[in-house]
Every structure is written in structure tokens, then in C-alpha cells.
Amino acid sequence: MEEVQLIAGLRAKDRKTTEYLYDKYSKALFAVISRIVFDKDIAEEVFHDAFVKITKKIDHYEESKGRLYTWMANICRNSAIDKLRSKEISQSGKTNTIDDFVYGMESQSGTQEHIDGIGVKELMIELNEDQKFIVEYIYFKGYTHSEVSEEFDIPLGTVKSRVRAAIQVLKKNAARI
């Protein structure tokens, strides 16, 4: 199904289109969430809520601003970050670090394969090391610009500049694909 047909079907609230969307994108979108929310049960809850949000807010998607997948991935990413910042999670007392689990989770859940399967790895090839670092922490690990700045002692303006530069390179690479 072409992206235009998919968008039209979702806007028409067509059940088969929604099922197609789930079949085609659920693993990749769940992988986006799993890189931020390590608890599988909570990640599944976030995915369910994000998927519902995607189907209900499809009228807010603007084709001129980017691809459908990017819009959906941002909804999932933002939902995951919101969940981590929620009172429910912050009061749970869990303080697991990313370093303890990220590589084990990638191999167990297939997260890395799903992300690579949608072409992110190819898009990031032309980023310089600073840009790759920023993209990794902000988009895949859920850090905010301020958190990256504070934790790695990088001026906030530099973090934002690297994000902008990385996005420009990624857009250029995505346009070629």
C-alpha cells in the first residue's frame, strides 16, 4: 500500500487500513519506544496508547512536513518520554541505567534489527561522530537537549546546533532513498 493510500484509509477510519498499518509498522514503532522505556509491560502500554493516538490524530498529520513514519515515530517517542516523566514512573523508584540494559535488550527484543530494517542505519552513515552521538542520545535514548548538555558538559547551543545539522543531513539522505 502506498503512503498516500495509507493516509487516506486512516483518515477514512478504514479498519483494514488500520490493520495494515499495525502489521507493517508495529515492530518498528515498538522498537522506538523500547529504546526509551525498558520495562516491557510499560512499553507495550505506551505503544498501545501511541497507536490509538496515531489513528485518532491522523487528521493532524501534514504530508508537507515529513513522511508518515517519521510523524508516527515522533508520537511514539514523545509518548515514551512523557511516560518516563510521569508521576507514576518517577515515584516507582526504579533507577535502572541505560548502560545496564541497552545492548542486552537490543539482542533479546530484536530492537536493533527493526530500527535497521527501516533504514535508520543507512541514513546515519553520513553523520559525523558528534551528530551521531547527539542523535543517539536525544532520539533513541530519550534525553532532552538540556539533559545531554548537562550530563556530557556540552553547551546547550552546541547541542541544538548539532541536532539541526544532523537533521539536515538525515533529510538529505532520506530524500535520496
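Between residue 52 and residue 24, what is the label-to-label distance in nm when each label sits 7 Å out along the Cα-to-Cβ direction? In this crude spin-label approximation the distance works out to 2.4 nm. Ordering 139-149, 57-67 by mean Cβ neighbour count within 10 Å, with the highest value first, yields 139-149, 57-67.
Considering only protein heavy atoms and a 1.4 Å probe, what is the carbon-and-sulfur percentage of the accessible area of segment 128-169? Before the final figure, lay out each step's value.
Details: 1120 of 2310 Å².
In segment 128-169, the share of accessible area belonging to carbon and sulfur is 49 percent.
The values are calculated or read from the model by the stated rules, or taken from the named source; none is laboratory data. Computed from a predicted model, the values in this text were never measured in an experiment. For neighbour counting, all protein chains shown are included, and Cβ atoms are generated from backbone atoms with ideal geometry for every residue, glycine included. Note: accessible area is taken over every heavy atom of the protein model, side chains too, but ligands, DNA and RNA are not part of it. Shrake-Rupley method; radii C 1.70, N 1.55, O 1.52, S 1.80 Å.
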